[in-house]
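*Asks:* Sharing a structure, written as structure tokens. Questions coming.
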Amino acid sequence: MINFGSGNTVIKSKLISRRMFVLSFAKTIVFCGIFGRLVSLQINEATKYKTLSDKNRFREWKLAPQRGLIRDYFDKEIASNEKVYQLHITPENAPNLETLFFRLKTILNLSDKRIFFLKRKIAKQKPWEPIIVSDNLTWSEFSRINLFLHELPGVEPIVSVARQYPDKSTAHIVGYVSQVSQKDLQKKQYLKDMAVGIAVGKTGLENKLDRDIIGKVGFQRYEVNAFGKRIKQIQVDPGESGKNYRTTIDLEVQKYASEALEDKAASVCVMDIYNGDIISMASSPSYDPNSFVHGIDKKYWNQLISNEKKPLNNKAIAGLYPPGSTIKIIVALSALENGIWNPKKYLNCNGVTELYGEKFHCWKKKGHGPMNMRSAIQRSCDVYFYEVARILGVDRLSETAKKFGLGKKVLNGFIEERTGVVPSTAWKKKFIGKNWYLGETLHSGIGQGYFQSTPLQLCLMTAQIANGGFEIKPRVLVNEKKNNLREYIKYKNENPNEPLPIDMLVSNFDLNPLFRNQENINFIKDAMFAATNEAGGTSFRSRYNDQKFMFAGKTGSSQIKRFTEEQRELEIKQKDIDYKDRDHALFVAFAPYSDPKYAISVVVEHGGTGSGSAAPIAKKIIKKVLERDQLRENVQNLTGEEI
């Protein structure tokens, strides 16, 4: 008899064994998977999760570094720092922004308009990027924020520093800082790792020196509890302060010059004729640079941009003016250097000259009578210089003018500076697409027509004539280099027939003379002396009798609107014309005449005449500069960097 029960038992046993094997294998796989994951979490990804853990346990705040100081030549601060309290928000750390803004509105009295602006800003940026709610909290507001900080997730109270400008007379030189814009981030890569709320230089030295003066960012690290409240400070890195700079500016002269220009649209530049140190570079009217640091008020901004005297414009380097009769010293020098004119030659001025049917008038209706080159510079005779320019030609005049600093930027790194225009036949063809006409040469001979110059260019032109015709490079930051040019000229004056010592010869190897014959430079200096210190000179009324302050100069007036024949016949005075139609007034000079040290240029927009408006201002400033000359000489061996 067959037993079927034992066979079923075997089959069932095998089935159970197979299932147990599959189950055990599955358990092994699951176990290995869990074990592998634990190994991965504990070993391979330990750093990652430790970081995430620390992120919950610790909070890190970046600290804006202290911006470097800017001082004047005598170590007075012209750009310093002050402590400020700020409030930042990191959106990803705030569970509910609506609730957070509601709380902040109650604590800080934030306006709905401000909250709307902040929300829009958050929507445009990444959630982990902090935003600034306020960059200038009062101590009372800052204290309230810290008191309720545990109820304000995502909020970061910050103690920072902000720029402060003690005197607004230096506003155009120093410039100002303001909050970083998207454009700044694109142009200045070094800003990307900086703390939120850091200020960036926008104009002037603040912009030029921004990379080195901004400093290195620091941080504060705190341990916090589950509610985000600070328990204790773990680590602080204060960062590094930016580099300090010392300028060539004399703050006392700068303030004095600004006061002299009060209520005028004008500019003053004063320069050391041997090393190019800029003693003063004033532009009027000025503005308060402090108003830009925390965001400018709309009302004040509208006042600035609607002011017809353009306070935001740095007129010293961005204002373009026809040089007027100040160019006559370059016209005369160019004629002498090119050997096309005898300075003793007399020319009769009867008040007008004619060329191809067009009349060219002298500023003096009845003329000056017989003039040689010295008296023509002294009395600023237009008719004389029409003829000199006609024979000289605009291209040779252009070459000399450029050589002495016109038609090019003269300060390195100032984004506001403009080039100006020194016209030539090639220039007109290139930029206007027309041929040059001889009549335009006559206009150029008295600094009109296409000529455009900045006050600083005119100051440099005068300085290079005053130092005997050697090239210098204007600078705003102190340089430790020895003043080789001054020593060279002093030695040559004291020992005219002696060869230079070897050490002086080597040290002056890089001197660049701008003349062919230095006697021509001396002739121009003598003619400028006559213009100020001899009867009949256009600036004779502004002279000093004291040799210590005696200076040599040249006046100029640049036309804004052409005089009609009727106005000429009636001999209408500048003061009787509408303000906007008056000529610009210019004056250039160097002082003291017996031992030149400084050059000055003054431009008064719509000032009328150089002798009436610009020269009297220059007279006062020259005295102030020379009175402080010995103090400047005594200051030695202070560090700086040339720009």
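The values are calculated or read from the model by the stated rules, or taken from the named source; none is laboratory data. Everything numeric in this text was worked out from a predicted model, so none of it was measured. Backbone-built Cβ (ideal geometry, glycine too); neighbour counts: all protein chains shown. Ligands, DNA and RNA are excluded from the accessible area calculation, which covers all protein heavy atoms including side chains. Shrake-Rupley method; radii C 1.70, N 1.55, O 1.52, S 1.80 Å.
*Asks:* Could you list which residues have their amide H under 5 Å from that of H88, counting only those 5 or more apart in sequence or on another chain, with H placed in the peptide plane?
*Replies:* The answer is V133, E156, I158.
*Asks:* Rounded to two decimals, what ratio of Rg to Rh does segment 280-343 give with C-alpha atoms and a Kirkwood Rh?
*Replies:* Ratio value, two decimals: 1.32.
*Asks:* Full extension from S181 to N493: what is 0.36 nm times the residue separation minus their Cα-Cα distance, to one decimal in nm? Spell out each step's value before the answer.
*Replies:* Details: separation 312, 0.36 × 312 = 112.32 nm, distance 5.53 nm.
106.8 nm is the gain from fully extending S181 to N493.
*Asks:* Using each residue's phi in segment 318-327, evaluate 6.51 cos²θ - 1.76 cosθ + 1.60 at θ = phi - 60° and report the 3J(HN,Hα) Karplus result to the nearest Hz, with x for Gly and Pro.
*Replies:* 10, x, 10, 9, x, x, x, 6, 5, 6
*Asks:* Taking a 1.4 Å probe, which of W436, W341, W139 shows the most accessible area, and what order do the others take after it?
*Replies:* Most to least solvent-accessible, the answer reads W139, W436, W341.
*Asks:* Quick check: with the 1.4 Å probe, what order do Y222, Y356 take by accessible area, largest first? Please report the intermediate quantities before stating the final value.
*Replies:* On the way: Y222 30, Y356 200 Å².
My answer, sorted largest first, is Y356, Y222.
*Asks:* So what does the Cα-only Debye profile of segment 344-428 read at q = 0.11, 0.17, 0.20 Å⁻¹, as log10 I(q)/I(0), no solvent term?
*Replies:* For segment 344-428 at q = 0.11, 0.17, 0.20 Å⁻¹, log10 I(q)/I(0) is -0.43, -0.82, -0.96.
*Asks:* Charges at C-beta only: +1 for Lys and Arg, -1 for Asp and Glu. How large is the resulting dipole of segment 383-472 about its Cα centre, in Debye rounded to 20?
*Replies:* Values: 11 positive and 7 negative charges, 63 e Å.
It works out to roughly 300 debye.
*Asks:* Taking all pairs of different Cα atoms in segment 356-405, averaging 1/r and flipping that mean, what Kirkwood radius in angstroms comes out?
*Replies:* 12.3
*Asks:* Related question: Quick one: order Y256, Y73 from most to least accessible surface, probe 1.4 Å. Mind dumping the intermediate values first?
*Replies:* Numbers: Y256 70, Y73 25 Å².
I get Y256, Y73, largest accessible area first.
*Asks:* Here is a follow-up. In whole percent, and with a 1.4 Å probe on the protein chains, what portion of the accessible area of segment 572-623 is carbon and sulfur?
*Replies:* 45
*Asks:* Once you order the gyration tensor axes a ≥ b ≥ c over the Cα atoms, which shape class does segment 256-375 get: rounded for a/c under 1.5, otherwise prolate or oblate by comparing a/b with b/c?
*Replies:* prolate
*Asks:* Give me the percent of the accessible area of segment 111-168 that comes from carbon and sulfur atoms, probe 1.4 Å, all protein chains in place.
*Replies:* Carbon and sulfur together cover 59 percent of it.
*Asks:* Using per-residue counts of other Cβ atoms within 10 Å, averaged over each peptide, order 424-434, 258-268 from highest down.
*Replies:* Ranked from most to least packed, the peptides come out as 258-268, 424-434.
*Asks:* Taking all protein chains as present, what is the carbon and sulfur share of the accessible area of segment 184-334, in % to the nearest whole number, probe 1.4 Å? Kindly include the intermediate steps, with their values, before the conclusion.
*Replies:* Details: 2780 of 6060 Å².
The nonpolar share, carbon plus sulfur, comes to 46 percent.
*Asks:* Which pairs break 21 Å Cα to Cα here: K264/K310; K402/K428; K168/K298; K208/K299; K315/K434? Could the numbers behind the result be given before it?
*Replies:* Details: K264/K310 11 Å; K402/K428 16 Å; K168/K298 19 Å; K208/K299 28 Å; K315/K434 30 Å.
Flagged as over cut-off: K208/K299; K315/K434.
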